[in-house]
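S.K.: Pasting in a structure now, in C-alpha cells, and then I'll have a few things to ask.
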Amino acid sequence: KEVTLETFPARMKELGIKGISLNDLYFTSWDDAYLDKVRSAIEAADRVVVAFIIDHNGNFALEDEAKRKENIEAVRRRLAAAKRLGAPVVRINVGATGKGEEADATAGVERVTAAFNDLLPTARELGLKLSIENHGGVSVKADWVRRIIEGTDPEWVGSCLDFKNWPKGADLYGECGKLVKHAFHAHAKSHAFDEMGEETGCDYARVFALLRKAGYKGAVSIEWEGSGDP
C-alpha cells in the first residue's frame with residue numbers, strides 16, 4: 001500500500017510508461033468525487049488509461065441465478081466508473097460453475113454468454129468494449145472463450161489475451177492464435193527472465209507476430225507474477 005491510485009500515474013511517468021491499466025481491487029470508493037480525483041492525477045501525469053480490470057464480482061457462471069444477477073449488476077456499476085475514467089475497454093473475469101470442466105464447457109458457457117448479452121446495451125451506450133481474459137474456469141480454453149464471443153457481439157465483446165495464462169501442458173501459441181483476431185487488450189505475463197532479459201516461459205516475439213498478423217491495435221499490459229520485487 002505504498003502506492004495509491006492517485007500516486008500511481010506519476011510513478012508510471014517516471015518509468016516512461018504511457019499507458020495505465022486500472023484494477024478495481026485498488027479503488028477505495030466509487031463516488032464521482034474520488035473517481036475524478038484519480039482521473040485528475042492521470043491527466044496531470046499525461047498518462048492514458050488503456051483498460052479497466054474488473055476482478056470483483058465477476059462470476060457469471062454460478063448456478064445460483066440471484067447471485068449471478070447480483071454479480072452482473074456489480075459489474076454494470078463498474079462499467080460506469082470505467083467510462084468516467086476514460087477507459088476504452090474493460091476486462092471481466094467470467095468465473096466458474098464449481099461443477100467441473102464438463103459443466104464449465106456447457107452450462108457455464110451458456111450462462112456467461114447470457115450475462116454478456118445482458119451487459120451489451122450498457123456497453124454500447126457507454127462506448128466500452130467488454131473483454132474476457134483466459135483466467136481459468138469457463139475461460140480456461142480458447143475455444144470456450146471464442147464460443148462466448150461469437151454468441152454475443154464480436155464488435156463489442158472480445159478477448160483480453162493473456163500470453164501465458166493457460167493450463168499446464170497447453171499449447172500456449174495455439175491457444176493464443178485462436179483468440180488474437182478477437183483481442184481488445186493483451187497481458188504480457190512474465191515470471192522469470194534469462195541473462196538477455198527474455199521471458200523464459202514464453203516467446204514474446206512469437207505471440208507478437210500472431211497479434212501483428214491479426215492487425216492488433218490495442219495496448220499490451222506488463223504483468224509480472226514472478227518472485228521478488230516487481
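Only the coordinates and a few stated rules stand behind these numbers; no lab work does. A quick note: this is a predicted structure, and the numbers were derived from the prediction, not measured. Every residue, glycine among them, receives a Cβ derived from its backbone with ideal geometry; neighbour counts consider all protein chains shown.
S.K.: Excluding ASN23 itself, calculate the net charge of residues whose Cβ lies under 13 Å from the Cβ of ASN23, where each Lys or Arg counts +1 and each Asp or Glu counts -1.
M.R.: Summing Lys/Arg as +1 and Asp/Glu as -1 gives -2.
S.K.: Among the GluC sites (Glu not before Pro) in region 97-206, which ones are in a DSSP loop with at most 14 other Cβ atoms within 10 Å of the Cβ? Mind listing them?
M.R.: On the way: sites: GLU101, GLU102, GLU110, GLU125, GLU133, GLU150, GLU155, GLU175, GLU195, GLU198, GLU199; in loops: GLU155, GLU195, GLU198.
Counting only loop positions with at most 14 other Cβ atoms within 10 Å, the GluC sites (Glu not before Pro) in region 97-206 are GLU155, GLU195, GLU198.
S.K.: Hey, another quick one. Could you work out the local net charge near VAL38, counting Lys and Arg as +1, Asp and Glu as -1, over the other residues with Cβ closer than 14 Å to its Cβ? Walk me through the numbers on the way to the answer.
M.R.: Details: positive: ARG11, LYS37, ARG39, ARG47, ARG78, LYS83, ARG84; negative: GLU6, ASP24, ASP31, ASP32, ASP36, GLU43.
Once all neighbours under 14 Å are counted, the net charge is +1.
S.K.: When a/c reaches 1.5 or more, the comparison of a/b and b/c decides; with that in mind, is region 94-144 rounded, prolate or oblate per its Cα gyration tensor? The partial results should precede the final answer.
M.R.: Details: a/c = 3.14, a/b = 2.02, b/c = 1.56.
Verdict is prolate for region 94-144.
S.K.: Still on this structure, please answer the following. How many percent of DSSP beta bridges within the chain run antiparallel, rounded to 5? Kindly include the intermediate steps, with their values, before the conclusion.
M.R.: Details: 1 of 26 bridges.
The answer is about 5 percent antiparallel.
S.K.: Here's something else I'd like to know. From the phi of every residue in region 188-193, what ³J(HN,Hα) in whole Hz does the Karplus formula 6.51 cos²θ - 1.76 cosθ + 1.60 yield, where θ is phi - 60° and glycine or proline is x?
M.R.: Each residue's phi maps through the Karplus curve to give 7, 6, 9, 10, 7, 10 Hz.
S.K.: What does the charge count around LEU210 come to, taking other residues whose C-beta lies under 12 Å from its C-beta (Lys +1, Arg +1, Asp -1, Glu -1)?
M.R.: Residues near LEU210 contribute +3 overall.
S.K.: Using each residue's phi in region 205-215, evaluate 6.51 cos²θ - 1.76 cosθ + 1.60 at θ = phi - 60° and report the 3J(HN,Hα) Karplus result to the nearest Hz, with x for Gly and Pro.
M.R.: My calculation for region 205-215 gives 4, 5, 5, 4, 5, 5, 5, 5, 4, 7, x Hz in order.
S.K.: Placing one identical point scatterer on every Cα of region 19-127 and ignoring solvent, what is log10 I(q)/I(0) from the Debye formula at q = 0.11, 0.13, 0.23 Å⁻¹?
M.R.: Debye curve over Cα of region 19-127, log10 I(q)/I(0) at q = 0.11, 0.13, 0.23 Å⁻¹: -0.38, -0.52, -1.21.
S.K.: How much space per residue, in cubic angstrom, does the convex hull of the C-alpha atoms of the chain take up? Before the final figure, lay out each step's value.
M.R.: Working: hull volume 30.7 nm³, N = 230.
Expressed per residue, the convex hull around the Cα atoms of the chain is 134 Å³.
S.K.: For the chain, what does the relative contact order come out to in percent, with C-alpha contacts under 8 Å and a separation of six or more?
M.R.: On the way: 400 pairs, mean separation 32.2, N = 230.
About 14 percent, as a whole number.
S.K.: Relative contact order of region 57-101, please, whole-number percent, based on alpha carbon pairs below 8 angstrom and at least 6 residues apart.
M.R.: On the way: 37 pairs, mean separation 24.3, N = 45.
After rounding, I find 54 percent.
S.K.: Please report, in debye to the nearest 20, how large the charge dipole of the chain is about its Cα centre when each Lys and Arg carries +1 at its beta carbon and each Asp and Glu carries -1 there.
M.R.: Working: 32 positive and 37 negative charges, 132 e Å.
Magnitude of the dipole: close to 640 debye.
S.K.: Considering only C-alpha atoms, what is the centroid distance from region 119-155 to region 180-197, in Å?
M.R.: Rounded to whole Å, the Cα centres lie 20 Å apart.
S.K.: Trypsin sites (Lys or Arg not before Pro) within region 160-230: which are DSSP loop residues with at most 16 other Cβ atoms inside 10 Å? It would help to have the intermediate numbers written out before the result.
M.R.: Values: sites: LYS164, LYS168, LYS178, LYS181, LYS189, ARG206, ARG212, LYS213, LYS217; in loops: LYS164, LYS168, LYS217.
Answer in residue order: LYS168, LYS217.
S.K.: So what is the 222 nm mean residue ellipticity for the chain from helices alone, if each DSSP H run of at least 4 adds -39500 (n - 2.57) and you divide by all residues, rounding to the nearest 500 deg cm²/dmol?
M.R.: Working: 7 runs with 86 residues, N = 230.
Computed ellipticity for the chain at 222 nm equals -11500 deg cm²/dmol.
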